[in-house]
Amino acid sequence: MRRRDFSLALMGSAMPLLAPGGKPGGYPAAAATAHAQPAALQRLAERLHRLEEDGLSPADYAIPAEAAVAADPAAHAAGLIRAASAALSDLLLGRLRLPANRPDILRDPAAIPMPRWQLDLLGAADPASVIDRAALAPPDAALLKAELAKARAIVAAGGWPRVPGGGTLDPGASDAQRVPALRARLAVVDPALAAAPVEGTGETYDGALAAALRRWQEEQGLEADGRLGPITLAQLNRPASQRVDQLRVALDMRRAAPRPPAGRRIEVNIPDFRLFALEGSRTLLRMNVVVGRPDRATPLLRVSMTTVQFNPPWGVPARNAREDLLPKFRRDPRAMVAKGFRLFATIDGERVEVDPTTVDWARIRPDNFPYAVRQDAGDSSALGRLKFIMPNNEDIYLHDTPDRWAFNRPDRAFSSGCIRLERPMELLDLAMDGMGWDRERMQRTFDTRQTINVPLKRPIPVRLIYSTAVVEEGRLRLRPDIYGLDAAYAREMDRSAPRVAAAR
């Protein structure tokens with residue numbers, strides 16, 4: 001683009017641009033670009049065409065074509081600044097301001113001084129540098145942008161090398177087709193493996209390849225056993241485009257993120273299957289959790305923990321009773337009684353207890369199941385010895401469990417929606433801190449075998465969130481999109497109306 005053309009763009013024009021609040025009107029093109037030299041405006045145009053590196057689509061911003069400079073240089077410059085202003089807003093506040101069905105995503109627009117940012121853009125000698133600064137403002141943005149660039153490059157190259165299916169492949173095994181394919185797949189993302197010499201014909205699953213697979217499994221949050229089983233294979237063969245979408249969403253979710261509150265709080269990241277107790281930016285406690293399976297998804301909530309219940313009974317939800325417990329009552333009603341399960345029917349308006357061993361279970365189907373089911377507190381209770389109550393319309397809570405088998409699994413979406421805790425006593429210590437309860441008093445309360453509610457001295461904010469991009473100690477782990485919420489967010493981004501209308 002010729003310098004003279006850009007110089008003309010700096011001349012006066014009556015075309016309205018942006019008011020200090022970022023709305024149309026208030027700045028003529030000359031004022032908007034008064035500090036920008038032609039080369040700087042060209043850099044701005046080039047930077048806007050690279051918005052994909054920030055997870056945005058350049059097509060949404062009606063970036064003026066370079067050929068339009070000759071026809072009307074001032075209008076071209078004004079259009080460029082208009083596009084940059086809209087992109088700046090999205091980089092700082094999020095492309096989706098209020099994503100549908102995502103109460104877990106908090107934005108704090110008041111913490112972003114948009115008028116100052118817009119004035120910086122309009123008065124900068126190098127407007128592209130303002131876009132660069134805004135792009136790096138969200139937490140973890142530099143790392144996520146770097147990973148997004150890698151993922152886009154893989155998509156552009158045709159995607160990952162595909163690993164053929166088959167039985168579980170263990171280290172030391174030989175397979176002329178699958179071992180070379182696994183090596184090619186991992187070499188794309190593992191420089192150490194790519195540089196390692198291949199032993200023999202390359203058909204043997206050697207130590208270097210096994211180490212590379214373990215590293216990859218650990219990064220994905222899978223069991224790092226070095227075995228190529230069905231779960232690992234499915235993750236390896238995920239389309240690279242899904243990784244692009246996850247990273248685009250991760251960047252957008254972090255925009256205008258509020259500062260962490262100073263007090264104590266609890267966060268459960270559902271696809272990461274972990275709970276964190278936090279105070280400011282400090283982690284007080286972390287543990288594995290079990291969350292709802294996809295057909296009984298744990299809802300995204302912002303609530304407060306108010307009460308701890310010792311020796312909780314379980315009021316079984318109707319769906320669980322019909323789908324999960326009915327087959328067990330059919331098989332052995334006496335065993336269900338031994339585990340503390342009780343049946344109740346409503347007869348003539350009164351709630352009446354029914355002996356499960358007297359029911360003709362062959363006649364009971366899921367569509368005519370007439371009973372309310374309750375499990376008494378005890379060693380067999382599905383809620384274990386503790387329930388952490390956080391009032392909400394979904395009847396979701398945190399609880400102990402006698403079933404410990406799932407906590408060491410990498411995928412822990414097995415519950416009916418509530419959250420099972422790996423180490424409930426540690427959360428109890430934290431929740432009742434400052435209330436004069438030591439472990440001895442807690443144990444005496446358990447030993448009563450009575451259901452006892454203890455209100456907390458200070459309610460604790462609890463957030464159930466959904467973030468598949470987890471960054472810890474400078475490392476990124478992408479967890480599976482178990483509920484498809486990242487995919488839905490990406491679709492919403494893609495079908496959103498363009499931010500700037502194209503010139504006619």
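Quick grid of which residues meet (1) under 30 Å from Glu218 (Cβ atoms); (2) modelled with pLDDT under 95; (3) touching a Ser or Thr at 6+ places or on another chain (Cβ under 9 Å); (4) not β-branched (Val, Ile, Thr):
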residue: Glu350; (1), (2), (3), (4): no, yes, no, yes
residue: Asp403; (1), (2), (3), (4): yes, yes, no, yes
residue: Pro410; (1), (2), (3), (4): yes, yes, no, yes
residue: Leu430; (1), (2), (3), (4): yes, no, no, yes
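This table checks each residue for (1) more than 30 Å from Gly221 (Cα to Cα); (2) under 38 Å from the mean Cα position of the chain (by Cα); (3) free of Cβ contacts under 8 Å to residues at least 40 places away in the same chain.
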site: Met305; (1), (2), (3): no, yes, no
site: Asn311; (1), (2), (3): yes, yes, no
site: Arg322; (1), (2), (3): yes, yes, no
site: Arg334; (1), (2), (3): yes, no, yes
site: Val337; (1), (2), (3): yes, no, yes
site: Ile347; (1), (2), (3): yes, no, yes
site: Thr357; (1), (2), (3): yes, no, yes
site: Phe369; (1), (2), (3): yes, yes, no
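Does any residue of the range 191-200 turn out to be of a type in the set (A, V, I, L, M) and in contact (Cβ under 8 Å) with a residue 60 or more places away in the chain? No, because not a single residue in the range 191-200 is of a type in the set (A, V, I, L, M) and in contact (Cβ under 8 Å) with a residue 60 or more places away in the chain. Filtering the range 343-367 to residues that are surrounded by fewer than 11 Cβ atoms within 10 Å (Cβ to Cβ) and in a helix (DSSP H, G or I) leaves Thr358, Ala362, Arg363, Asp367. Against the criterion of being crowded, with 21+ Cβ neighbours inside 10 Å, in a helix (DSSP H, G or I) and small (Gly, Ala, Ser), Ala153 does not qualify. Suppose we filter Arg238, Arg274 for residues that are out of contact with any Leu (no Cβ under 7 Å at 6 or more places or on another chain) and modelled with pLDDT under 95; which single one remains? The match here is Arg238. Might you let me know whether the range 177-191 holds any residue that is touching a strand residue (DSSP E or B) at 6+ places or on another chain (Cβ under 9 Å), within 30 Å of Arg282 (Cβ to Cβ) and outside the structural domain of Asp411 (by TED's automatic domain parsing)? So far as the range 177-191 goes, no, none of its residues is touching a strand residue (DSSP E or B) at 6+ places or on another chain (Cβ under 9 Å), within 30 Å of Arg282 (Cβ to Cβ) and outside the structural domain of Asp411 (by TED's automatic domain parsing).
What about Pro370, is it within 17 Å of Ser416 (Cα to Cα), surrounded by fewer than 17 Cβ atoms within 10 Å (Cβ to Cβ) and out of contact with any Ser or Thr (no Cβ under 8 Å at 6 or more places or on another chain)? Against the criterion (within 17 Å of Ser416 (Cα to Cα), surrounded by fewer than 17 Cβ atoms within 10 Å (Cβ to Cβ) and out of contact with any Ser or Thr (no Cβ under 8 Å at 6 or more places or on another chain)), Pro370 does not qualify. For Ala128, the test of being over 27 Å from the mean Cα position of the chain (by Cα), of a type outside the set (Lys, Arg), assigned to a helix (DSSP H, G or I) and crowded, with 16+ Cβ neighbours inside 10 Å is passed.
In the range 75-91, is there at least one residue being part of a loop (DSSP other than H, G, I, E, B) and in the same structural domain as Arg133 (by TED's automatic domain parsing)? Spell out the reasoning first.
Taking the range 75-91 first, the residues part of a loop (DSSP other than H, G, I, E, B) are none.
Scanning the range 75-91, I find no residue that is part of a loop (DSSP other than H, G, I, E, B) and in the same structural domain as Arg133 (by TED's automatic domain parsing), so the answer is no.
Somewhere in the range 100-108, is a residue in contact with an Asp or Glu (Cβ under 7 Å, 6 or more places away or on another chain) and modelled with pLDDT of 90 or more? So far as the range 100-108 goes, no, none of its residues is in contact with an Asp or Glu (Cβ under 7 Å, 6 or more places away or on another chain) and modelled with pLDDT of 90 or more.
In the condition set (1) touching a residue at least 60 places away in the same chain (Cβ under 8 Å); (2) more than 22 Å from the chain's Cα centre (by Cα); (3) in the same structural domain as Asp108 (by TED's automatic domain parsing), Ala135 is compliant with all but (2).
From the list Tyr371, Tyr397, the lone residue that is farther than 28 Å from Arg458 by Cα, of a type in the set (Phe, Trp, Tyr) and touching a strand residue (DSSP E or B) at 6+ places or on another chain (Cβ under 6 Å) is Tyr371.
Residues in the range 46-66 that are outside any loop (DSSP other than H, G, I, E, B), among the aliphatic types (A, V, I, L, M) and at pLDDT 95 or above: how many? Show your work before the answer.
In the first step, residues of the range 46-66 are kept if they are outside any loop (DSSP other than H, G, I, E, B); the result is 46-48, 51-54, 58-61, 66.
In the following step, the residues that additionally are among the aliphatic types (A, V, I, L, M) were identified as 48, 51, 59.
After this cut, where a residue has to be at pLDDT 95 or above as well, the list is 48, 51.
Qualifying residue count, the range 46-66: 2.
Working only within the range 390-407, note down all residues that are farther than 18 Å from Leu300 by Cβ, touching a residue at least 40 places away in the same chain (Cβ under 8 Å) and surrounded by fewer than 21 Cβ atoms within 10 Å (Cβ to Cβ). Hits for the range 390-407 are Ala406, Phe407.
With respect to (1) farther than 30 Å from Thr306 by Cα; (2) of a type in the set (D, E, K, R); (3) touching a residue at least 60 places away in the same chain (Cβ under 8 Å); (4) out of contact with any Phe, Trp or Tyr (no Cβ under 7 Å at 6 or more places or on another chain), the lone exception for Arg463 is condition (1). Picking from residues in the range 170-203 that are of a type in the set (A, V, I, L, M) and not in a helix (DSSP H, G or I), the one that is nearest to Leu228 (Cα to Cα) is Ala173.
The values are calculated or read from the model by the stated rules, or taken from the named source; none is laboratory data. Predicted model, so just to flag it, every value in this text is computed and none were measured. Cβ: placed from backbone, ideal geometry, glycine included. Neighbour counts: every protein chain shown.
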